[in-house]
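Below are the structure tokens for one structure; questions will follow.
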Amino acid sequence: MAVQGVALVPLVFVVVAATGCCLAASSAIAMDRIPIRTISPADDVSPVKADLGRRLFTDRRFSDAGDVACVDCHDPMQGGADGRPTFRGTGGAVGDVNTPTVYNAAYNLAQGWIGRAETLRDQIDDHLADPRVFGTDWDALLDRLGGDPAIDGAFVAAYGNGPTRATATDALETYLRSLVTTGSPFDRFLGGDPTAISEDARAGYALFRAYGCAACHQGANLGGNLYQVLGVIRDYFADRSHDPAPADLGRYDMTGDARDRHLFRVPGLRRAASTAPYFHDGSIATLEEAIQVMAVYQLGRHLDGDQIRQIAAFLRSLEPD
Amino acid sequence: MPNVRTPLLAQAAVALLAIGLVAATAALNWIDDDPRGGDATSAILDRARHLDTELNTLVARTSGFQLVHYDGFTALVQRLRRLEGDLRRTARPDHRTDGTLESGIEHLVESLDAKRRHAERVATYSSTIVNSLRYLGTATDRVAAGLGPDQARLLTSLLTSTLRLQVLPDEADAARRLADRVRRLRASGNLSADVDVLLQHADVTFKARRALNIEMAAFESVGTTTLLSDLAARHAAAYLSRARKLGQDKLILMAVVGLLVLAILGTFQRLRRRHAQAAQARQSLRAVLDTMPAAVALFDSDDRLMLRNDKLAAFCNTIGERIAQGIHFDSMIRLAAESGAFAVPREELPRFVDKVIALSREADSEVHLPMADGRHLLKRSDRMDDGRMIRVLFDVTRTKRIEAELRTLSQAVEQSPVSIVITDADGHIEYCNPHFTEVTGYTLDEVVGRNPRIFRSGFSSNADYERMWRTITSGREWRGDFHNRTKSGALIWEKAVVAPVRDDSGRIAHFMSVREDITARKQQEALLYRQAKYDPLTDLPNRSMALESLHALIALAHRSGRRVALMIIDLDDFKTVNEARGHAAGDALLQQVGKRIARCARDSDLVARLGGDEFAVVLPELEGRQEARGLAERIMGRFTEPFAIDGPGVSVTLSIGIAVYPDDGGEPHILMRNADSAMYRVKDTGRNNYAFFSEKLESIRRYRREVESELAGAVERGEIRVHYQPLIDLATDSVIGAEALCRWTNPSLGEVPPDTFIPLAEDRGLIVPIGREILRRACADAARWRRQTSGFRHISINVSPRQLEAKAGFPELVKRALDETGLPAGALTLEITESLLIDNFAGSVESLSRLRDMGVGIAIDDFGTGYSSFAYLKRFKFSALKIDRSFVRDLTDNQDNLTLVHSLINLARALDLQVVTEGIETEKQRRHLVRFEARIGQGFLFCRPLPNHEFTAYLLERAAVAEGQCLG
């Protein structure tokens, strides 16, 4: 690192000194390389297990009362989320955060807004035990599933024996790993077809990179792989109309480390266009508003109507056809 | 009888031999079996090593802003999580690992976990910085275009500093400059929202960089490298020990098997010769041989197969049953080769076959056969006395694998970035790795058989080594730092883990030490200590170090009954050097000042820089104050010489305050405070001196400080009042006016004398509001008195230099006061002091001229007491001159004084100045002055200064008397 640093200094200073201008920043930090990658499906997904997982995903026996299933919050028709500001669990329990999309979750560094669960398996366990989600336990769940010959048969077909905690978890995880939004117009654009997306979307993509959105929303999932503070440049919580809530503490809630206050997992944007409302508090209703809020609080910029429209067009081009 | 008995005995012998044979081969198999599950452990350690290296690389790239996305990071984190799970499973006690390996692995998992979390933060901070740098890069130009040139320049240099800080993150200097630029920009006036956002971004990069540095340091300090090498070495040493034993045991057992087979064959031969039971005997022999786990074959002197057991066919499965009796050994090998039984490339096959055949002819020979199906066979040939050969084939696949693994492990040890030394149980070195050679300069040949004490530096005590030795010989591991010496004599710091390695019987077979060279870290620690305790500019101890030393020295003095002096030395007027010559010159001066003070001090004294232009000397073990006085005088003496800094030399004077333990305080911070207050007393009383702390003087200072703080609100609280002393026409004894005098009565301080508070008020700028108040009231009173009596003509008011500074707007103030009160300008005289003319003539002259032009009289107060520069009298047109009370006081029969006052009055008249004499207290003085034709006077002889209502009464009474006299 030191060697690298020394090598960069003359470059930085020559450019700054010669032009008084500052594009040196970008040459120093290698931003000219493409930060967004085509998303590819997870390999080794067994279709039989994934199909079983999908059945479990829609099974209301996951809740003691039989009133909610995974799919009630993670609805494929709603971009893998629920369209509500905050989630609803069993018995009408009201959640404290907005439901993140279930799509491309396998690409996440950790799960949930604050990385409460490190892996998909942990997330399944966490949701099962959380009284605001399912509020049950594995024994009760397996009891309920055990008597069902159809489920039993599917398990035997996939795993050679009936449902157990290990096989049920594996089936659900396999299904989740299969939920990858491949084949978007933008991926075709990245693949070399410039007409795959509209002119607006292309302009939006350029803005998205130039304005620094892509500093956090990068990689195959345009985020998900990084934690960042909400309100880097301006205090989001001070300006918000409603009172601070415990969920606003962010990852601090997990780590107890003051540096993690307001730190959240950067959400992936592949399904952003279809998963309003936005942010952990679900306080922003439209994609356009969300873009402006991000620009102001994270980047210190104010976008005009055209710019917002272009970035929104870009984000819509990320949705699979 | 023997004929009958012999076969029975022989058969019993065969049976016994067969049992021995079976036992020996079973033992061989057991040796082959690897009970440690070592391959799994070393494989996972290898994986850990690779992932750890990958993580290091990725984090280095992240913190160097080389990543445009973090997907690789997520993937690596997922692999690390799996690894952590696998490691935990490996460390479970059901695997036959020893306890230290388990705890080592547990520690490794925790370390990897910690690194992973640090890495996550590194990614967060890096992305923050990249984002803000990007903003700065694109917005600075645009924003700078809308600014003035100075601000624009500041903004550009801010960006340069920001980048520099990111590129050279170690530069504390750059960080300071950056913070300074942000502050200056913020201070440089109203900033547009654009600039504000820009500064916000700069601030963000600055803070995130600090956080990133901390996180990187934390990441790098997680010692996974050492831990991994430690684990690998532990594992390797255990293996080494085991493999050596295994090799020995195996050779012995193989010899035993060979001997047993020979013995069995011999017995059978004897049986066959003596009895016609050959066929039966052969059957029995086959049966015995078939129970063996090894393949056994007997060849006649022509090397044709006579006898074999079933295992031979199984071992040579590619030719199997084609191994028939009578087949020549050479054909058998060729047949096997053609059938593709050996894992030997086709082109090398003929040579291989020749070699095997040649080697197999020799008695007591062994040859390894790598088989195509992955097995390794070892063939041992033994020649019997009659020329027949017995050949035994063992499956040594597992042994081979262990050997290969050992090679990998030793590679890990060989290539380890830390030093690894393995000794025998007596502490003699058996092995050292190349890194050890690199660090110490000793090669393996030079150290084998020697004791590690040759590396001792003498800096670690014998007791330390003994403690270590006791620990490891009792079977526990020892961790600690060594201060060792390399072959070239250089001293190095090593962090070491020394641990015993046990063999299978539980005896300590080896000791291994894993050492990391931490010389650089120790130096870094020393540097950090220095940075924390020393001032980087002068290289002197800083305040914190001074306080610490003071603390220690006080404790010492407490026992010895001696004294400790703390001397605080402050440069007088250092600010002007900085302003006039620049900060670089100021810094150079501070360095030289530090050196000069240090040269004056004794060796035992501690000279420190407390900060800014403030230094301190701690003098320990003093008998009395005299020594401190001596040093203060020595220092002041040395400071009469100017300092040679770039440009003309600079003269510096010092203010020194001294406090002594235990007289002036028992605690460092109290001594510090008291020395400080003594120093400030020097500052207040003319600087360039030293003073000891004194409780009495301190109480005066405290009073002054109290006066100062009360004075601040005195005008607002209405505590400032005006008293008036009449001005008397000395010829007629009538009141012609008054001098307004300022008085201050405070509820807690009582009456404060003007000579106490006026200088303070001037010093603190409070004289301006006070002066304004007096002007307003005096003009109002004077206007009223002029209306009330005909004799009262004018009012004199004292004006301080601060009031006349251009920015105070004094002429306008006077004009307003005159307008508001209706007092004519000619009725007002402003008194200024002589010193004002000297100190600040240029600044005040404009205000005075404007006042003069308005028709206001200007008088010189206290004439004759100061420099009496007559030149000023000519340069400015004054209206009056006041002769100071000190001349009047001495106005007795002393002829010299009489002449002096007389000539002053004459001078004033010559310059067309009115003369006012003050401080007239006796009738005699009055007579003299009348004789000198002085017109106007004031003093206690006539009246003391009076509050305004009393003055009104006095005035009316005098007027009534005068009227009465007229009437009378």
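The values are calculated or read from the model by the stated rules, or taken from the named source; none is laboratory data. All values derive from a computational prediction rather than experimental measurement. FYI the Cβ positions are ideal-geometry reconstructions off the backbone, even for glycines, and counts take in every protein chain you see. Ligands, DNA and RNA are stripped out before the accessible areas are found, and what is left, the full protein with its side chains, is counted by its heavy atoms. Shrake-Rupley method; radii C 1.70, N 1.55, O 1.52, S 1.80 Å.
Check which residues have an amide H placed less than 5 Å from B:I327's amide H, if you skip close sequence neighbours.
Placed amide hydrogens put B:L305 under 5 Å from B:I327.
Past 23 Å, Cα to Cα: identify those pairs from B:K595/B:K696; B:K575/B:K683; B:K882/B:K924; B:K575/B:K595; B:K487/B:K522; B:K115/B:K495, in the order given.
Details: B:K595/B:K696 34 Å; B:K575/B:K683 14 Å; B:K882/B:K924 19 Å; B:K575/B:K595 20 Å; B:K487/B:K522 20 Å; B:K115/B:K495 20 Å.
As for pairs spanning more than 23 Å Cα to Cα, those are B:K595/B:K696.
Nearest 500 deg cm²/dmol is fine: what mean residue ellipticity at 222 nm does chain A get from its DSSP H runs of n ≥ 4 alone, each adding -39,500 (n - 2.57), divided by its residue count?
Counting only the DSSP helices, I get -11500 deg cm²/dmol.
What figure in square angstrom, to the nearest 10, would you give for the accessible area of B:W469 with a 1.4 Å probe?
100
Nearest 100 Å², what total accessible surface is buried between chain A and chain B (probe 1.4 Å)? Don't jump to the answer; show the numbers that get you there.
Details: alone 15390 and 47080 Å², together 58190 Å².
For chain A against chain B, roughly 4300 Å² becomes buried.
Using amide H atoms built 1.01 Å from N in the peptide plane, name the residues 5+ places from B:H510, or on other chains, whose amide H lies under 5 Å from its own.
Long-range HN contacts for B:H510: B:V501.
Sticking with the crude label model, points 7 Å out along Cα→Cβ, report the distance from B:Q895 to B:R717 in nm, one decimal please.
5.6
Same structure, new question: Give me the one-decimal nm value for the distance between modelled label points at A:D253 and B:D663, 7 Å along each residue's Cα-to-Cβ direction.
6.6
Magnitude of the Cβ-charge dipole of segment B:770-813, K/R +1 and D/E -1, about the Cα centre, nearest 20 debye?
180
Ok, one more. Using θ = phi - 60° and the Karplus relation 6.51 cos²θ - 1.76 cosθ + 1.60, list the HN-Hα couplings for segment B:371-378 in order, rounded to whole Hz, with x at every Gly or Pro.
Those phi angles translate into 9, 5, 7, x, 7, 10, 10, 10 Hz.
Could you state the number of Å between the C-alpha centres of segment A:67-102 and segment B:633-679?
First find each Cα centre; the distance between them is then 73 Å.
If you don't mind, there's one more thing I want to ask. What is the local net charge at B:I936, summed over the other residues whose Cβ is closer than 10 Å to its Cβ (Lys, Arg +1; Asp, Glu -1)?
Charge balance in the 10 Å sphere: 0.
From other protein chains only, count the Cβ atoms within 10 Å of every residue's Cβ in A:296-305, then give the mean. Mind dumping the intermediate values first?
On the way: counts 1, 0, 3, 6, 13, 4, 3, 0, 0, 0.
Across the residues of A:296-305, the mean count of other-chain Cβ atoms within 10 Å is 3.
Please identify the DSSP H helices in chain A that span no less than 18 Å along the helix axis (Cα) and have a mean Kyte-Doolittle hydropathy of 0.5 or more. Walk me through the numbers on the way to the answer.
On the way: long enough: A:2-19 (26 Å, 2.27); A:165-178 (20 Å, -0.51).
Sorted by number, the helices that extend far enough and score high enough are A:2-19.
I'd like the FRET efficiency for A:E319 and A:A150, computed as 1/(1 + (r/R0)^6) with the beta carbon distance as r and R0 of 45 Å, rounded to 0.05.
Calculated transfer efficiency: 0.85.
Gap in Å between the Cα centre of segment A:119-179 and the Cα centre of segment A:278-321?
Comparing the Cα centres of segment A:278-321 and segment A:119-179, I get a distance of 36 Å.
To continue, here is another question. If you take every residue apart from B:N746 with its C-beta less than 10 Å away from the C-beta of B:N746, what net charge results, scoring Lys and Arg +1 and Asp and Glu -1? Don't skip to the end; give the middle numbers.
Details: positive: B:R717; negative: B:E706, B:E710, B:E719, B:E751.
Neighbour charge sum, excluding B:N746 itself: -3.
If you average 1/r over every pair of different alpha-carbon atoms in segment B:418-524 and take one over that average, what Kirkwood value in Å do you get? Write out the running numbers ahead of the final one.
Details: mean 1/r = 0.0717 Å⁻¹.
Value: 13.9 Å, from the Cα pair sum.
Report the one residue of A:L145, A:Y175, A:F87 whose Cα lies farthest in the direction of the positive end of the charge dipole of segment A:47-178 (charges on C-beta: Lys and Arg +1, Asp and Glu -1; origin at the Cα centre).
It is A:Y175, whose Cα lies furthest towards the positive end.
Going by amide H atoms built from the backbone, whose H comes under 5 Å of the H on A:G219, apart from near neighbours?
Result for A:G219 returns A:I36, A:R37, B:Y70.
To continue, here is another question. If I take R0 = 41 Å and measure r between the Cβ atoms of B:D302 and B:Y465 in this structure, what FRET efficiency does the formula 1/(1 + (r/R0)^6) give, to the nearest 0.05?
Working from the Cβ atoms, E equals 0.05.
Here's something else I'd like to know. I'd like the Karplus ³J(HN,Hα) series for segment A:91-99: coefficients 6.51, -1.76, 1.60, θ = phi - 60°, whole numbers in Hz, and an x wherever there's a Gly or Pro.
Once θ is set to phi - 60°, the couplings for segment A:91-99 become x, x, 4, 9, x, 9, 10, 6, 6 Hz.
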